[in-house]
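The values are calculated or read from the model by the stated rules, or taken from the named source; none is laboratory data. Keep in mind the model is a prediction, meaning the values are calculated, not measured. Counting neighbours? That spans all protein chains shown, and the Cβs are built from the backbone with ideal geometry, glycine included. What goes into the accessible areas is simple: the full protein's heavy atoms, side chains included, and nothing from ligands, DNA or RNA. Shrake-Rupley method; radii C 1.70, N 1.55, O 1.52, S 1.80 Å.
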Amino acid sequence: MPVTVNAFEELVPNRRITDFMGSVMVEQLLDLAIAGADDFAPTSVGNGGGGTVSPYIRASLLLRDLGEWRSELETRFAAVLDDTVRELRLSDIVQRRSRD
């Protein structure tokens, strides 16, 4: 008998961090995204093997070049990572050096 998955019946674990970026940074990141709209590429799954998921199941794009914001974003995310992992009861996340 097939197992039915009801993935959307409950909220997924989440965390809201008030003022994580601030309105000025958000506006500038949106400008970056709009200017780089043609540079977004479909994401893949797995460990870089190029696996894809049907866009009917998962539609996800990625902008790799964050320009001058990369370092600042990495610093901000690293600052909240441990508390977020603990609060959401996730497995530890090993931080990799960024791809420059």
So how many residues does the range 11-28 have that are within 14 Å of the chain's Cα centre (by Cα) and within 24 Å of residue 68 (Cβ to Cβ)? 0
Among (1) at pLDDT below 95; (2) more than 17 Å from the chain's Cα centre (by Cα); (3) surrounded by 10 or more Cβ atoms within 10 Å (Cβ to Cβ), where does residue 81 come up short? (2)
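Check 53, 5 and return the single one that is out of contact with any helix residue (DSSP H, G or I) (no Cβ under 8 Å at 6 or more places or on another chain), closer than 29 Å to residue 89 by Cα, at pLDDT below 85 and surrounded by 12 or more Cβ atoms within 10 Å (Cβ to Cβ). Lay out the reasoning, then the answer.
Values: 5 fails: surrounded by 12 or more Cβ atoms within 10 Å (Cβ to Cβ).
Every option except 53 fails the conditions.
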Checked 35, 41 against criteria (at pLDDT 95 or above, surrounded by fewer than 13 Cβ atoms within 10 Å (Cβ to Cβ), over 23 Å from residue 15 (Cα atoms) and over 13 Å from the mean Cα position of the chain (by Cα)); the one match is 35
Which of (1) open to solvent by 60 Å² or more (accessible area, probe 1.4 Å); (2) at pLDDT 90 or above does residue 94 not meet, given it meets every other one? (2)
Of all residues in the range 56-78 being of a type outside the set (A, V, I, L, M, F, W, C) and surrounded by 11 or more Cβ atoms within 10 Å (Cβ to Cβ), the one that is modelled with the lowest pLDDT: 58
